[in-house]
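**Q** First, the structure itself, so that you have it in front of you.
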Amino acid sequence: MSSSLLIALVSLLLPCLLSLLLLHLSTVLDPDPDAAAPRVKKAPPLPLRFRHDGTFKILQVADMHFGNGAATRCRDVGPDGGGALCSDLNTTRFLRRLIEAEKPDLIAFTGDNIFGTSATDAAESLLKAISPAMEFKHLKFSFIGQKNLYAPALAFFHIPIPEVRELWYTGFKGQYQEGVACSTVNSGVLGTLVSMGDVKAVFLGHDHLNDFCGSLNGIWFCYGGGFGYHGYGRPHWPRRARVIYSGLKKGQRSWSEVKSIRTWKVLDDEKLSKIDEQVLWRCSTDDSHRNAFYPRQGV
Ligand SMILES: *[C@@H]1O[C@H](CO)[C@@H](O)[C@H](O)[C@H]1NC(C)=O
């Protein structure tokens, strides 16, 4: 079984539990300088690699809610949304267009990939849902190995943690359009993430109408925004996905460390509009950054 399928299955079997994918960027700190294109490594465990240009791009796909395909109708689209022509295939088309346009190295499906009560055959629904991703052979989907090198880490959850609610008062970028639906019990996840020290950002799903990012105790929490057309949404508020983009710093002879992590969202509109770009993390020893802000202290 491919690891992509495995991830999707995990989120299928545990739709309401934290399906956690922790990505240590140190494991991707291994670019292949000779590669003309992203290297394909078939057998898991997958050492994720930065591209030859020192970048690594993740596509977060939250809440596809796939049913049976062409027969499964869209929810909450406007009167210009295609009527009976609007189906799960719109979700499929969005995923394919995104992969073609953004060319991610990894896709994180953060849960509710299928809509259990609508899908007559869950496994088949899941395969259909992720089929555009399977067509692109260079794409990887993986649980992550551990290394003890210091490097920023990213985590992927389905359900937000309770503290995300506080961002309403403290600030966020993006849209906060519905209540944060999280467990009523606070199991201390935030404290755990903070104590890990290297987790810089957590990517969430579950609340389709939220797509904001906000910072809690030095860790960013970012929603992907609802992706699938059979899941609830809001007419004239395009379905969307989040991109996470990381770049390496160039050392003397090779790439040295992770330089920055940026994110933005892509809308399923005609132009695949890119919105709300922001920097989530920047290496504190990044000279270009330091010089830009403290020119007289130059190092
Ligand atoms: C869904 O796809 C149909 C058929 O291509 C199209 O007519 C319709 O506009 C799409 N709906 C949305 C909301 O994108």
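**Q** How much length is gained on full extension from Glu100 to Asn186, taking 0.36 nm per residue of separation minus their Cα-Cα distance?
**A** Net length gain for the segment: 27.0 nm.
**Q** Next question, about the same structure. Just want the ordering: Leu193, Leu272, from fewest to most Cβ atoms lying within 10 Å of their own Cβ. It would help to have the intermediate numbers written out before the result.
**A** On the way: Leu193 24, Leu272 17.
Ascending Cβ contact count within 10 Å gives the list Leu272, Leu193.
**Q** Next up: Highest mean first, what order results for 218-228, 181-191, 253-263, 236-246 on Cβ atoms within 10 Å?
**A** The peptides rank, most packed first, as 218-228, 236-246, 253-263, 181-191.
**Q** Search the structure for amide H atoms under 5 Å from the amide H of Gln175, placed 1.01 Å from N in the peptide plane, and list their residues when 5 or more places away or on another chain.
**A** Asp211, Phe212
**Q** Something else: Kindly put Lys265, Lys249, Lys200, Lys103 in sequence by how many other C-beta atoms sit within 10 Å of each C-beta, fewest to most. Show your work: numbers first, answer last.
**A** Working: Lys265 24, Lys249 17, Lys200 21, Lys103 14.
Ordered from fewest to most neighbouring Cβ atoms within 10 Å, Lys265, Lys249, Lys200, Lys103 come out as Lys103, Lys249, Lys200, Lys265.
**Q** Which ³J(HN,Hα) values, rounded to whole Hz and listed in residue order, are derived for the stretch 131-138 from phi using the Karplus coefficients 6.51, -1.76 and 1.60 in 6.51 cos²θ - 1.76 cosθ + 1.60 with θ = phi - 60°, glycine and proline given as x?
**A** 4, x, 6, 5, 5, 9, 5, 7
Every number here is computed from the coordinates shown, using simple stated rules; none is lab data. Values in this document were obtained by computation on a predicted structure and should not be read as measured data. Because the Cβ atoms are built from the backbone with ideal geometry, glycine has one as well, and the counts that use them run over all protein chains shown.
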